[in-house]
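A short write-up of the structure that comes next.
The values are calculated or read from the model by the stated rules, or taken from the named source; none is laboratory data. Keep in mind that what you see is a predicted model, and the values were worked out from it rather than measured. Positions of Cβ are generated from backbone atoms using ideal geometry, with glycine treated the same way; all protein chains shown enter the neighbour counts.
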Amino acid sequence: MSDTNGGGSLKETLWDPIAGFGVTFRTMFRKPVTEQYPFEKRPTAPRFHGRHQLNRWPDGLEKCVGCELCAWACPADAIYVEGASNGPSDEDRFSPGERYGRVYQINYLRCILCGLCIEACPTRALTMTNEYELADDNRADLIYEKSDLLAPLLPGMVEPPHAMLISDDHHDYYAGKTLPVVEVTHGSASTGDGA
Ligand code: SF4
Ligand code: SF4
């Protein structure tokens, strides 16, 4: 408290500056916590919400069935989906079952990475990765197309369109049936059930 002449109390005059500089000196000898981004990148938390991914079944077919539930769930209106029927021939299919996502776009100018879309997805086709590098120098490149979002083909996967390789019944895909084991005997291949 100041005295009536405008001067400070003994505590304000002597002790407070020492206490203030004490904080400064203490901090000077602590290890810096500054992150040298973008030269050094630290891994995110495992459940960090980053760029989306459209997943595949183990045979390479797409999990998205074009139902648009993700687009309806999105509070920012950032997703655009157009579903279509798989082709008449079994070789023309992109997903097990009837339909697939023909057009799939996410507008990262709008997306707030809230994750409501992945909660709405009935097939776990849509999940989020830990990738956070989503800045760009133009608006058009921040609208990600299906080709930007589809998961890469892993060993054993075949680029669609193609027939269902796991089972003729699409329910088996959702039941977790795995790819048939390919047995190679004397130069010929035969399949057995690997479920
Ligand atoms: S994370 Fe949220 S804002 Fe982004 S597309 Fe999904 S629902 Fe929309
Ligand atoms: S990502 Fe999921 S919710 Fe969205 S259209 Fe495809 S299957 Fe439906």
(request) Specify the residue that is farthest from the chain's Cα centre (by Cα); the eligible residues are those in region 113-133 that are away from ligand 2 (no atom under 14 Å from the Cβ) and surrounded by 14 or more Cβ atoms within 10 Å (Cβ to Cβ). (result) Cys114
(request) Only residues that are closer than 28 Å to Phe48 by Cα and either assigned to a helix (DSSP H, G or I) or in contact with a Ser or Thr (Cβ under 8 Å, 6 or more places away or on another chain) (or both): list them for region 132-172, please. (result) Tyr132, Ala140, Asp141, Leu142, Lys146, Ser147, Asp148, Leu149
(message) Is it the case, given these coordinates, that Ser95 is surrounded by 13 or more Cβ atoms within 10 Å (Cβ to Cβ) and away from ligand 1 (no atom under 16 Å from the Cβ)?
(response) yes
(message) Please go through region 66-83 and give me each residue that is over 10 Å from Cys114 (Cβ atoms) and within 8 Å of ligand 1 (Cβ to nearest atom), ordered by number.
(response) Cys70, Asp77, Ile79
(message) Cβ contacts < 6 Å: first residue within 8 Å of ligand 1 (Cβ to nearest atom), restricted to region 114-133; second residue modelled with pLDDT under 95, any location; separation 6+ or different chain. Result?
(response) none
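Listed residues Leu150, Leu154; which is loosely packed, with under 13 Cβ neighbours inside 10 Å, more than 24 Å from Arg42 (Cβ to Cβ) and not charged (D, E, K, R)?
None of the other options fit; the residue is Leu154.
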(message) Could you go through region 70-92 and let me know if any residue there is touching a residue at least 24 places away in the same chain (Cβ under 8 Å), of a type in the set (D, E, K, R) and surrounded by 14 or more Cβ atoms within 10 Å (Cβ to Cβ).
(response) no
(request) Taking only region 31-51 into account, find how many residues are surrounded by 11 or more Cβ atoms within 10 Å (Cβ to Cβ) and either touching a residue at least 40 places away in the same chain (Cβ under 8 Å) or within 11 Å of Glu131 (Cα to Cα) (or both). (result) 5
(message) Being in contact with a Ser or Thr (Cβ under 8 Å, 6 or more places away or on another chain) and charged (D, E, K, R): is that true of Lys177 here?
(response) yes
(message) Looking at Thr13 and the list (1) surrounded by fewer than 10 Cβ atoms within 10 Å (Cβ to Cβ); (2) at pLDDT below 90, which single condition is not satisfied?
(response) (1)
(request) Return a yes/no flag: does region 140-147 have any residue that is within 14 Å of ligand 1 (Cβ to nearest atom), modelled with pLDDT of 95 or more, among the hydroxyl-bearing types (Ser, Thr, Tyr) and closer than 21 Å to Pro96 by Cβ. (result) no
